[in-house]
Structures are given as C-alpha cells and as structure tokens.
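K.L.:
To start, I am sharing the structure in question, which I have written as structure tokens.
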Amino acid sequence: MSRVGKMPIALPSGAEATITAAQITVKGPLGSLSQPLTGLVKVANNNGTLNFEAANDSREANAMSGTLRALVNNMVNGVTKGFEKKLNLVGVGFRAQAQGDKLNLSLGFSHPVVHQMPQGIKCETPTQTEIL
C-alpha cells in the first residue's frame, strides 16, 4: 500500500466532507471543492477522519490511493486555511503596487504592466518589491 495513501486526513473544525460514488466534496469557511473518484480507491469518513484504501492490489490502485489522498489533503487545506504565495521582485527599478483589484507592475518596459486579479484572489504589496 502507498505510504502516502495509508495516512488518514483529520478534518479540522469547520470542514466537512461528502463522499458519493462519483466524487468527494470538501466544504469549509473559504469555499467548496470537488474531486472525481475512480473505482480504484475506496474512501471512508470515520468520525471526521478520511481514510483511503486501494480497492485491489494492483500497482495502479496503489498509486492512485496516494495521489487521491494528497489531492484531498490539499482541498482540505484550501477550504480551511487558504493558500498564500510570496513573490519578490529583484532588479533595479522593479516595483509593484496593488490598486484595488489590479496589480500595477513596473518591470523595465517603457510602459507599466497592469494585471487584473481573478475573482477570489487577493493581492497585497507590503513593500514595492514584495507581492503577497
């Protein structure tokens, strides 16, 4: 059995998982995410703990149990804590400035680059060279 697939996922408070024959849905304070299921992996919700098990002893089912467990773990993290990425601009004269739902970048071109942020994505610039 996959070493990753053997580890259970503890659902934090505020998160809930719904398992059907075709998909698993995780809901939390930051939204809801779904992942389709295959017949190679059995998923069980035991008192707030998700357990993953390969349906048979094939190599493909073993690999899929670890993959599905990692995907669902990322889904749980996403709907409870969210994800954050920090970018640093390195270069002479490179600057970034968040203006509402737009990110204004000065990257050495003759014109500024204005990037419209997608719905649900927040952007902050604590300094001129850091983007959160």
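K.L.:
Since Val92 meets every condition but one in (1) within 30 Å of Lys122 (Cβ to Cβ); (2) surrounded by fewer than 16 Cβ atoms within 10 Å (Cβ to Cβ); (3) at pLDDT 95 or above, which condition does it not meet?
P.N.:
Failing condition for Val92: (3).
K.L.:
Also, quick follow-up: Go through region 80-102 and give me each residue that's hydrophobic (A, V, I, L, M, F, W, C) and over 30 Å from Ala10 (Cβ atoms). Show your work before the answer.
P.N.:
Step one: of region 80-102, the residues hydrophobic (A, V, I, L, M, F, W, C) are 83, 87, 89-90, 92, 94, 96, 98.
Listed by number, the residues that qualify are Leu87, Leu89, Val90, Val92, Phe94, Ala96, Ala98.
K.L.:
If we scan region 44-52, do we find a residue that is farther than 25 Å from Ala10 by Cα and of a type outside the set (A, V, I, L, M, F, W, C)? It would help to see each step written out before you state the result.
P.N.:
Going residue by residue through region 44-52, those that are farther than 25 Å from Ala10 by Cα are none.
No, every residue in region 44-52 fails to be farther than 25 Å from Ala10 by Cα and of a type outside the set (A, V, I, L, M, F, W, C).
K.L.:
So which residues in region 98-132 are in a strand (DSSP E or B) and at positive phi, if there are any at all?
P.N.:
Initial filter on region 98-132 (in a strand (DSSP E or B)): 98-99, 102-106, 113-116, 130-131.
If the condition is that a residue be in a strand (DSSP E or B) and at positive phi, then no residue fits.
The values are calculated or read from the model by the stated rules, or taken from the named source; none is laboratory data. These figures come from a predicted structure and were not determined experimentally. A quick note on method: Cβ atoms are made from the backbone with ideal geometry, for glycine too, and the neighbour counts reach across all protein chains shown.
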